[in-house]
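Have a look at the structure below before the remarks.
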Amino acid sequence: MCGRYSVARPDSDVAKEFDVDAIVGEEPAPSWNVAPTQIARVIVERVPRDSDDEAAQRTLRNARWGLIPSWAKDVKIGNRLINARSETVTEKPAFKAAAARRRCLVPADGYYEWEKVDGKKVPHFLHNAEDLLAFAGLYELWPDPNRDKDDPDRWLWSYTILTSPASDTLGHIHDRSPVVIPPGELRGRWLDPSLTEPDQVRELLASIPETRLRPREVSTAVNSPDNNGPELVEPVR
């Protein structure tokens, strides 16, 4: 699974890496300990509302971690939908609509995973040197029933991160890991809003190559989402 990650890059770096057309919303502060229900940046590609131009626009924007389907009664469901299994994402009711039409990329410097060692959970930071990672994600827009229909803040954006079985190199830490999409054509295909058939989505997921990440043991300070700073990603030895 993926329950914590780090993204400390400024919007300018992320926008350049992902060739975004526009940046939407206030830039979040750097975070070395992004936790569920918090707000973070995602990259989406969609035709703007009320636009005469049919061209999709790639934007960097804020969303709440933990997917809230449009049919949900309240936001609480998002607390248990922070991850989606890539193997069943086109079939599960909570995810299949987003898998077909609302895919996103989640930028990250790396993520944390806890290895069970002698009855204790030892945190590790998994990364790829200095490269910015792109997790495969899904996003949704949830209409807040407590807001007027013409309220611009009525729609709450939320997202989930896809996971897959961990590779042999990481499987000793945890049996699942985020789906990481490498730079190049696959990122554009994942964001492409014209790709809507479940079979196409499954084929695309199957074509994503295994990512080799570097794990390093880090401090247990990361266990608390109240702790946040660059020291969290530093090795303990």
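The values are calculated or read from the model by the stated rules, or taken from the named source; none is laboratory data. None of the values given here were measured: they were computed from a predicted structure. Here Cβ is always computed from backbone atoms with ideal geometry, including for glycine, and neighbour counts include all displayed protein chains. Ligands, DNA and RNA are excluded from the accessible area calculation, which covers all protein heavy atoms including side chains. Shrake-Rupley method; radii C 1.70, N 1.55, O 1.52, S 1.80 Å.
Structure above, values below:
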quantity: Per residue convex hull volume, Cα atoms of the range 1-130, in Å³; calculated: 150
quantity: Hypothetical label at R80: residues of the range 5-39 whose amide nitrogen lies under 18 Å (7 Å Cα-Cβ projection); calculated: 36-37
quantity: Net lengthening on full extension, A97/A22 (0.36 nm per residue, minus Cα-Cα); calculated: 24.5 nm
quantity: Cα gyration tensor category, rounded, prolate or oblate, for the range 160-237 with a/c compared to 1.5; calculated: prolate
quantity: Residue pairs, from the table K73/K120; K16/K116; K76/K149; K76/K96, whose Cα atoms sit over 28 Å apart; calculated: K73/K120; K16/K116
quantity: Accessible surface of the range 120-169, 1.4 Å probe, proportion on carbon and sulfur as whole %; calculated: 43
quantity: Selection from S207, S164, L138 lying farthest towards where the dipole of the chain points positive, charges on Cβ; calculated: S164
quantity: Using a Förster distance of 35 Å, the FRET efficiency for L141-R237 (Cβ separation, nearest 0.05); calculated: 0.20
quantity: Gyration tensor (alpha-carbon) shape descriptor, the range 54-173, a/c threshold 1.5; calculated: prolate
quantity: Packing-based order for 96-105, 118-127, using average beta carbon neighbours within 10 Å, highest first; calculated: 96-105, 118-127
quantity: Carbon plus sulfur fraction of accessible area for the range 1-111, probe 1.4 Å, in percent; calculated: 47
quantity: C-alpha long axis of helix 198-207 to longest principal axis of the chain, angle in °; calculated: 30
quantity: Sites T220 and K73, calculated FRET efficiency, Cβ-Cβ separation with R0 35 Å, nearest 0.05; calculated: 0.45
quantity: Interatomic Cα distance distribution for the chain, bins of 5 angstrom, percent; calculated: 1, 6, 14, 18, 20, 18, 12, 6, 3, 1, 0, 0, 0
quantity: Length-normalised contact order for the chain - Cα pairs under 8 Å, 6+ apart - percent; calculated: 22
quantity: Residue list for the range 58-93, given a label point 7 angstrom along the Cα-to-Cβ vector of W155 and an amide N cut-off under 15 Å; calculated: 58-64, 68-71
quantity: Assigned charges on the beta-carbon of Lys, Arg, Asp, Glu; the range 21-157 dipole about Cα centre (debye); calculated: 740
quantity: Largest to smallest principal axis extent of the C-alpha atoms in the range 121-181, angstrom; calculated: 50, 25, 20
quantity: The chain - share of DSSP beta bridges that are antiparallel (%, nearest 5); calculated: 85
quantity: 1.4 Å probe accessible area per residue over the range 51-130, in Å²; calculated: 50
